[in-house]
Amino acid sequence: MKWRFEPGHSAAEFRARHMMVTWVRGSFKNVEGEIDFDPQCPEKLSVAARIDARACWTGEPTRDDHLRSADFLHCEAYPSIRFTSTAVAKIGPSDYEVTGNLAIRDVTRPVLLAVRYLGTWQTPWWEDGVDKGPKERAGFTGTTSIDRYDFGVGWNGALANGGVVVGRRVEIVLDVEGIRVDE
C-alpha cells in the first residue's frame, strides 16, 4: 500500500543544545514524501521524504536566517533535505528500525530511525468545502539523533571552560500523516 504524506499534517522537528544550558527547538512543516507500507507485510516498508530546508522555523527570524545560511543548512545551494530508506527491521508490534540515507547539504550518510506505526483510520476528505471522502489515513512517528558535523554543518562558537554555542547532536522527531494512494 502506498501512502502519500499529507503536507499540512506532516512535520519534522529538531532540537539542539544552546549555550550548554538549554535547547533550541525548530521545525519544518509541509514535509513531503511517500511510504510503501502494508500492516500485513511490515518488513517491506520503504520511505522517501523531502524537507524544504528553506522552511526552517525556530520562532526567531534572525536565528532562522542564520540556520538557512552557509554556516548551517546553506539553503541557497542545498534547498532540500532528503531521506530514503534502505532497510527495515520489525522490533515490536508497531515498532520498526528503519535504516536509510539522509542527505543534508552535499553530504549523504546512513541513519537509523526508530519508527512507530500509529494505525489507520477512515476519515473525511475536504476539497473546496465538500467532503469527497472517505480517505484512509495512516500515522507514523520517527525519531533519530545525528551529529551535525557529519553533514558539514560545523559552525560554532567557543565558550569559556570548553563550552560551545551550539551542540553537535541534533535530535529529530518526524510526524507523518499518510493518505492512502489509490492504485
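Values computed for the structure shown
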{"read-out": "Any chance ARG54 is closer than 24 Å to VAL164 by Cα and surrounded by 13 or more Cβ atoms within 10 Å (Cβ to Cβ)", "value": "no"}
{"read-out": "Matching entry among ARG168, ARG137 (being in contact with a helix residue (DSSP H, G or I) (Cβ under 7 Å, 6 or more places away or on another chain) and over 21 Å from GLU97 (Cα atoms))", "value": "ARG168"}
{"read-out": "Tabulated pairs, segment 108-125, first more than 21 Å from GLY92 (Cα to Cα) and without any contact (Cβ under 8 Å) to a residue 60 or more places away in the chain, second hydroxyl-bearing (Ser, Thr, Tyr) and loosely packed, with under 13 Cβ neighbours inside 10 Å, C-beta under 8 angstrom, 6+ apart or interchain", "value": "PRO110/THR86"}
{"read-out": "Evaluation of GLU43 against (1) touching a residue at least 40 places away in the same chain (Cβ under 8 Å); (2) of a type outside the set (Val, Ile, Thr); (3) in a loop (DSSP other than H, G, I, E, B) (one fails), failing number", "value": "(3)"}
{"read-out": "Unique residue being modelled with pLDDT under 95 and polar (S, T, N, Q) when the list is THR123, THR58, THR86", "value": "THR123"}
{"read-out": "Strands (runs of 3 or more DSSP E) lying entirely in segment 97-183 (those with 2 or more residues that are under 24 Å from the mean Cα position of the chain (by Cα), exposed (fewer than 14 other Cβ atoms within 10 Å of the Cβ) and not hydrophobic (A, V, I, L, M, F, W, C))", "value": "107-123, 135-147"}
{"read-out": "Single residue of segment 24-49 satisfying the filter (farther than 17 Å from THR141 by Cβ and either over 18 Å from the mean Cα position of the chain (by Cα) or aliphatic (A, V, I, L, M) (or both)) that is surrounded by the fewest Cβ atoms within 10 Å (Cβ to Cβ)", "value": "GLN40"}
{"read-out": "ASP36 being more than 21 Å from TYR96 (Cβ to Cβ) and touching a Ser or Thr at 6+ places or on another chain (Cβ under 9 Å)", "value": "no"}
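Yes or no, residue by residue, for (1) in contact with an Asp or Glu (Cβ under 9 Å, 6 or more places away or on another chain); (2) part of a loop (DSSP other than H, G, I, E, B); (3) closer than 19 Å to LEU113 by Cα:
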residue: ALA12; (1), (2), (3): yes, no, yes
residue: ARG15; (1), (2), (3): yes, no, yes
residue: TRP23; (1), (2), (3): yes, no, no
residue: PHE28; (1), (2), (3): yes, no, yes
residue: ILE35; (1), (2), (3): no, no, yes
residue: VAL47; (1), (2), (3): yes, no, yes
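The values are calculated or read from the model by the stated rules, or taken from the named source; none is laboratory data. This structure is a prediction, so every number in the text was calculated from the model and none was measured. All Cβ positions, glycine included, derive from the backbone under ideal geometry; neighbour counts span all protein chains shown.
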